[in-house]
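Take a look at this one; I'll ask things after.
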Amino acid sequence: MSYVFADTHCHFDFPPFTGHETESLALAAQAGVQQIIVPAVTVDRFENVIKLAGEYAPLFAALGLHPLYISQHRDEQLEQLADFLAMRPEKLVAVGEIGLDLYMDDPQFVRQQMLLKAQLMLAKRYDLPVILHSRRSHDQLAALLRQADVPRRGVVHGFAGSLAQAQTFIRLGYAIGVGGTISYERAQKTRRVMAQLPLRSLLLETDAPDMPLAGYQGQPNRPERAAEVFKILCQFRPEPPDEIADSLLQNAQALFALPSHMAH
């Protein structure tokens, strides 16, 4: 049985994909991964991410200022982001990767929250969903999302929080990103969470080249491994695999308004 997948989070504008786009996309397609969302992390990457999406049919762009690069972001870059969003590039599907991170050294958390609020406002203004990064900041993120009330909602990517935190995001209308974390035996808590959440709230992702799956430590992660994340997810979900695959794909296509006519 061959399934079709969307990798809703892949940093395809970084090595090892740079300069190897065609063969990387061929490998992804062989594994059934036919749509890939590429979230930018800094302003200097916006143009390239849009260009990649324009050149390669499977790729879609998201633009945002990632919290891990807080020391690089300047306030005027919010205006640059707004300018890019206002141009409505054809395959721009989200504002992201944006969010909060309390795991890093010197998080400058007040400034992180300011930048996130401003970007949530932009998502609202340009009617786009958001791709959210959150480490040790789920409760603070949920509070900001409640305030911002972004109409198109979005996804909390690479989720590894508690069931209660996941349910809070879902109640607010947000999807939860399932990635390579669930490939690790030690991630029992995250596996239990992913087993219990409603299937309609889950999205498949890799975060490639980051977050390698168990057995691939030390190697760059790749979009074709979304198929392996799917297989692992199937082991502890009650639904049959074809229902899980269909739902994951439909969830991605609905949230990001991706074309649903991709070859099966």
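The values are calculated or read from the model by the stated rules, or taken from the named source; none is laboratory data. From a predicted model like this one, the values you see are computed outputs, not experimental measurements. Heads up, the Cβs are rebuilt from the backbone with ideal geometry, glycines too, and the neighbour counts pull from every protein chain shown.
Does Phe46 meet the test of being in contact with a helix residue (DSSP H, G or I) (Cβ under 6 Å, 6 or more places away or on another chain) and free of Cβ contacts under 8 Å to residues at least 40 places away in the same chain?
Yes: the conditions hold for Phe46.
Quick check on my filter: what residues within region 160-174 are among the small types (Gly, Ala, Ser) and either out of contact with any Phe, Trp or Tyr (no Cβ under 8 Å at 6 or more places or on another chain) or under 12 Å from Leu233 (Cα atoms) (or both)?
Ala160, Gly161, Ser162, Ala164, Gly173
Could you tell me which residue of region 82-134 is nearest to Ser260 (Cα to Cα), considering only residues that are surrounded by 15 or more Cβ atoms within 10 Å (Cβ to Cβ) and of a type in the set (D, E, K, R)?
Step by step, filter region 82-134, then rank; the result is Lys91.
Would you mind finding the one in Asp7, Asp105, Asp101 that is among the charged types (D, E, K, R) and touching a residue at least 60 places away in the same chain (Cβ under 8 Å)?
On inspection, the qualifying residue turns out to be Asp7.
Name every residue in region 206-264 that is small (Gly, Ala, Ser), in contact with a helix residue (DSSP H, G or I) (Cβ under 6 Å, 6 or more places away or on another chain) and under 15 Å from His9 (Cα atoms), in order of residue number.
Ala208
Here is a yes/no grid of residues against (1) under 26 Å from Val130 (Cβ atoms); (2) at pLDDT below 95; (3) part of a helix (DSSP H, G or I); (4) of a type in the set (D, E, K, R):
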| site | (1), (2), (3), (4) |
| --- | --- |
| Val193 | yes, no, yes, no |
| Tyr216 | no, no, no, no |
| Asn221 | yes, no, no, no |
| Ile244 | yes, no, yes, no |
| Met262 | yes, yes, no, no |
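Which numbered condition in (1) of a type in the set (D, E, K, R); (2) under 26 Å from Leu144 (Cα atoms); (3) in contact with a Cys (Cβ under 9 Å, 6 or more places away or on another chain) is the only one that Arg200 fails?
Of the numbered conditions (1) of a type in the set (D, E, K, R); (2) under 26 Å from Leu144 (Cα atoms); (3) in contact with a Cys (Cβ under 9 Å, 6 or more places away or on another chain), the odd one out for Arg200 is (3).
Consider only pairs whose beta carbons are under 6 Å apart and that are at least six residues apart or on different chains; among these, list those whose first residue lies in region 74-86 and is of a type in the set (Phe, Trp, Tyr) and whose second residue is assigned to a helix (DSSP H, G or I).
Qualifying pairs under 6 Å: Phe84/Phe46.
Considering Ala148, Ala160, which residue is of a type in the set (Gly, Ala, Ser), touching a helix residue (DSSP H, G or I) at 6+ places or on another chain (Cβ under 8 Å) and farther than 22 Å from Val229 by Cα?
From the options Ala148, Ala160, the qualifying one is Ala148.
While we're looking at this one, here's another question. Here is a check on your reading of the model: is Leu258 in a loop (DSSP other than H, G, I, E, B), under 20 Å from Ala57 (Cα atoms) and under 15 Å from the mean Cα position of the chain (by Cα)?
yes
Moving to a separate point now. Read through the list (1) under 15 Å from the mean Cα position of the chain (by Cα); (2) outside any strand (DSSP E or B), then give the number of the only condition that Leu203 fails.
Here Leu203 clears every test but (2).
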